[in-house]
């Protein structure tokens, strides 16, 4: 039965919606939005994530959003061969990493991390003597450590737990605030739950010791105690010579100096990083927030990467950014696809995962800058995007590659051009597979 069209009397106020099954919610949504049976059936297809599991992961589940997972190859990271699963909907992202890694395969990527420390913040306001209170809090370090470590004995057992604290007076529009940082080693967990629990536990004590009122107590996604770094060298003869090298460096200089360019520059880096973060079930929003905040840490938004000329005249690239990722907890632990992606990566620690992700970000950036400095970003990207346009136009099977190739050749990668071309191809009496690409490019029909 086809669901009714949108009605003027429809309401999104539905009592007990969260207690209903996914199927019952789909029926209610279909009635609200006027979805037909085909649309409802499509939503009911959960792919490789069981409906019962999806229903426990978030609230009010009706469907899943399947994102393609590609595998980046050619990567040698710290002298280890790696295949990297990447979940993304954007054309050319996976290919860019593969191409960058192929061009420095002999030397590969060298990586490091600063550790697995996370920060929880506790905000105290209306403190009568904030500077004196700061010193009082610093004097309570051992007691704060005892209270925090008692929150998670297992974390302590595996070498994690409270490591240090900071207290600072922050001038704000609402007056001075006393901000306490709990610095915690979360080991192979991303750590949000662990540090938030500690912040909640210590909050009333900070209120007592400071004489103020405590409001926010939550982690910071600017995980600057959890930095991941990667470095790579691309030899001149592998990338096309000095003009290409100098063009890449000029593009980097542009991003370093101008936040308008840096925003797009860093977005390209995150194309690669977020794809691996998503594939492994980690928190893309937390990683992205931390990366962009880190890019502005000096008071001006700038590039997350650097490019230089080494002593041999080759191109040296590097990246450094916060990467709060984990192997335990959340979707990483319960999502079957995330678990399989981690097996493909072969990682056994959060530090190793962060190292690989940093290398992917650098590779992604190198490919983008090389394209910009040479053929332009559209040449490669539009070649892959043309396939999406062909599908949108209704192409099927062999038609997709044929239509995409002609669109690129004609430099008209547009939906209207794809529709016209597809109609032209289908009007011909000669089967598509029996015609030459030259005939198709010329628009000839026999």
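The values are calculated or read from the model by the stated rules, or taken from the named source; none is laboratory data. Just so we're clear, the structure is a prediction, and the values are computed from it rather than from any experiment. Heads up, the Cβs are rebuilt from the backbone with ideal geometry, glycines too, and the neighbour counts pull from every protein chain shown.
A few remarks follow.
- In region 50-73, the residues that are under 30 Å from residue 102 (Cβ atoms) and out of contact with any helix residue (DSSP H, G or I) (no Cβ under 6 Å at 6 or more places or on another chain): 66, 67, 68, 71
- Candidates in region 132-146 are the residues that are without any contact (Cβ under 8 Å) to a residue 60 or more places away in the chain and crowded, with 16+ Cβ neighbours inside 10 Å; of these, the one that is nearest to residue 210 (Cα to Cα) is 134.
- Qualifying residue in region 284-306 (condition: in contact with a strand residue (DSSP E or B) (Cβ under 8 Å, 6 or more places away or on another chain), within 28 Å of residue 240 (Cβ to Cβ), in the same structural domain as residue 90 (by TED's automatic domain parsing) and surrounded by fewer than 19 Cβ atoms within 10 Å (Cβ to Cβ)): yes
- Summed over region 99-120, the residues that are at negative phi and buried (at least 18 other Cβ atoms within 10 Å of the Cβ) give a count of 13.
- Residue match in region 227-243 (condition: surrounded by 23 or more Cβ atoms within 10 Å (Cβ to Cβ), touching a residue at least 12 places away in the same chain (Cβ under 8 Å), within 24 Å of residue 299 (Cα to Cα) and in contact with a helix residue (DSSP H, G or I) (Cβ under 7 Å, 6 or more places away or on another chain)): yes
- Inter-residue pairs, beta-carbon under 7 Å, first touching a residue at least 24 places away in the same chain (Cβ under 8 Å) and in region 304-315, second in a loop (DSSP other than H, G, I, E, B), 6+ apart: 314/235
- Filtered residues of region 25-49 (kept if without any contact (Cβ under 8 Å) to a residue 60 or more places away in the chain and either part of a loop (DSSP other than H, G, I, E, B) or under 30 Å from residue 100 (Cα atoms) (or both)): 34, 35, 36, 45, 46, 47
- Selection within region 55-72 - touching a strand residue (DSSP E or B) at 6+ places or on another chain (Cβ under 6 Å) and more than 14 Å from residue 281 (Cα to Cα): 70, 71, 72
Yes/no matrix, rows are residues, columns are (1) in a strand (DSSP E or B); (2) within 30 Å of residue 76 (Cα to Cα); (3) touching a strand residue (DSSP E or B) at 6+ places or on another chain (Cβ under 8 Å); (4) assigned by TED's automatic domain parsing to the domain that holds residue 232:
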{"residue": "143", "(1), (2), (3), (4)": "no, no, no, no"}
{"residue": "148", "(1), (2), (3), (4)": "no, no, yes, no"}
{"residue": "156", "(1), (2), (3), (4)": "no, no, no, no"}
{"residue": "163", "(1), (2), (3), (4)": "yes, no, yes, no"}
{"residue": "169", "(1), (2), (3), (4)": "yes, no, yes, no"}
{"residue": "183", "(1), (2), (3), (4)": "yes, no, yes, no"}
{"residue": "187", "(1), (2), (3), (4)": "no, yes, no, no"}
{"residue": "193", "(1), (2), (3), (4)": "no, no, no, no"}
{"residue": "197", "(1), (2), (3), (4)": "no, no, no, no"}
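- Residue in region 339-349 that is modelled with pLDDT under 95 and either in the same structural domain as residue 230 (by TED's automatic domain parsing) or assigned to a loop (DSSP other than H, G, I, E, B) (or both) present: no
- In region 338-356, residue surrounded by the most Cβ atoms within 10 Å (Cβ to Cβ) [restricted to those that are under 15 Å from residue 69 (Cα atoms) and in contact with a strand residue (DSSP E or B) (Cβ under 7 Å, 6 or more places away or on another chain)]: 341
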